[in-house]
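Everything on this sheet refers to the single structure shown next.
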Amino acid sequence: MSKRTRQNSFLGTIILVSTFGGLLFGYDTGVINGALPFMSEDLGLNSFSEGLVASSLLFGAALGAVFGGRLSDFNGRRKNILYLAILFFVGSIGCTLAPNVMTMVIFRFLLGLAVGGASVTVPTYLAEMSPMEKRGRVVTQNELMIVTGQLLAFVFNAVLGNAMGETTHVWRYMLVIAALPAIFLFIGMLKVPESPRWLISKGKNDRALRILKQIRDEDKAVAEFNEIEAAITKESKTQKASVKDMTIPWVRRIVFLGIGIAIVQQITGVNSIMYYGTEILKDAGFQTEAALIANIANGLISVIAVCVGIWLLGKVRRRLMLIVGLIGTTSALMLIGIFSKVLEGSVALPYVVLSLTVMFLAFMQGAVAPVTWLLLAEIFPLRLRGFGMGISVFCLWITNFIIGLTFPFYLQLLGYQQLTLSSRQWAF
């Protein structure tokens, strides 16, 4: 095996191992979709406690995203992901064994801290380990792993729900599966190196150069080492933005723009489908077992759409993609509301709702979602990036939390027909 082949193989291993953090992100946010109907029966949940169980992870993720970046700057990317793997494992086991709602909420919150931490630490680690010419493609692989994790959650939910549907505690088997990739992530991260950029920022230059030579040709390793060193020196002289800078009009405008982009992505209602898709399909007319199987289509289209979205990012302007995506999602929601009224009581209604839900996710995951994260990374100048991204992502998670908490209540009160019409008005 040539030296270059060994370098590529080692880099491939690093990417595969670290993106298991994204897989866990996806699985833990998606598994509640199928587990909730069985959990509600077993633990006696009402619409409020259903929302609390689902959304407690999202509140934890908001805090995890805020503090995850700072902890990775202090501890190092690799060590931080190791800690997150432990948190993923403990949270998964705690949720699996939870005897009541309060225990479940506590451990779902812990899982949320891990999810939020992974959402900022894993992409940073991938960006710093990958060569410049492959950086964009490598980082977007984490997005692909997130939706793949959600798809796997939907598949396991369907298999277990149909094979063991008579067992009320089947939801525990759905939740415990997440412990396996957490173990893999922990063991794998023990064998991969720390980020060279973080090492250089801490003055550990010799170790950083040695790691770069393991994953780059020697000339490229030295050149990249010098670039990183120069960039860190420049950044250290750049004054970082803070809350006080919000008094400056252009700073205030761009931060509010970032917050608006983040909130718009969430108020389309995408995560109500990812968290409560099975409940929506049951409300449309599917039986629980059939709804679990039908929900796989939502996960599958998300994976396909993300692949298409990654391809489109290099070919289509961001603004155009966002506008087309929002038109598509708004149209799908409007049609769900209309057909739900027109076909109420019809045997065709569940299949129409499923088809339009798939259409909604195709536009969301193929256009709106990838552009949102890219725009948030691009609109802020260097001095403002950490502050602006932090506030925008926090607002994104908090909006996600509010929707996750209130959706079951409004689903029971209004039905999904009125909810989709309301989401349509907000999304556009």
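What follows draws every value from the coordinates through simple rules; no lab data is involved. The shown structure was predicted, so the numbers you read here are calculated from the model rather than taken from an experiment. Positions of Cβ are backbone-derived with ideal geometry, glycine not excepted, and every protein chain shown enters the neighbour counts.
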- Query: Angle, helix 101-129 long axis vs. longest principal axis of the chain, Cα atoms, 0 to 90°, nearest 10?
  - Reply: 40 degrees
- Query: Given region 1-192, what whole percent of its Cα pairs are spread farther than 29 Å?
  - Reply: 24 percent
- Query: Do you know the relative contact order of the chain, to the nearest whole percent, from alpha carbon pairs under 8 angstrom that are 6+ apart?
  - Reply: 25 percent
- For the chain, modelled as a GNM with alpha-carbon contacts under 10 angstrom, which of Arg77, Arg319, Arg216 fluctuates the most? Arg319
- Task: Have a look at Gln150, Gln141, Gln412 and tell me which one the Gaussian network model of the chain (Cα, springs below 10 Å) gives the largest fluctuation.
- Result: Gln412
- Task: Just need log10 I(q)/I(0) for region 1-41 at q = 0.17 Å⁻¹, Debye formula, equal scatterers on the alpha-carbon atoms, no solvent, rounded to two decimals.
- Result: -0.59
- Query: Just the Cα atoms of region 274-322, one point each, no solvent: what log10 I(q)/I(0) does Debye give at q = 0.13, 0.15 Å⁻¹?
  - Reply: -0.45, -0.54
- So what is the calculated 222 nm ellipticity per residue for the chain, using -39500 (n - 2.57) for each DSSP H run with n of 4 or more, over all residues, to the nearest 500 deg cm²/dmol? -28000 deg cm²/dmol
- Extension reserve of the Arg137-Ile93 stretch, reckoned as 0.36 nm per residue once the Cα distance is removed: 12.5 nm
- Could you work out the relative contact order of region 126-205, using alpha carbon pairs under 8 angstrom and six or more residues apart, expressed as a whole percent? 30 percent
- Charge dipole (debye, nearest 20) of the chain; +1 at Cβ of Lys and Arg, -1 at Cβ of Asp and Glu: 1760 debye
- Item | Val308 versus Met246: modelled label distance in nm, points set 7 Å from Cα along the beta carbon direction | 3.9 nm
- Query: Based on the Cα coordinates of region 242-428, what is the per residue volume of their convex hull in Å³?
  - Reply: 115 Å³
- Which entries in Lys79/Lys213; Lys204/Lys244; Lys79/Lys202 show an alpha-carbon gap greater than 25 Å? Lys204/Lys244
- Note on the structure: Phi angles of region 272-283, converted by Karplus (6.51 cos²θ - 1.76 cosθ + 1.60, θ = phi - 60°) into ³J(HN,Hα) in whole Hz with x for Gly and Pro, give 5, 6, 5, 9, 10, x, 5, 5, 5, 5, 5, 5
- How big is the Kirkwood radius of the chain, worked out from every pair of different alpha carbons and given in Å to one decimal? 22.3 Å
- Going by alpha carbons, how many degrees (0 to 90, nearest 10) lie between the helix axis of 369-378 and the longest principal axis of the chain? 30 degrees
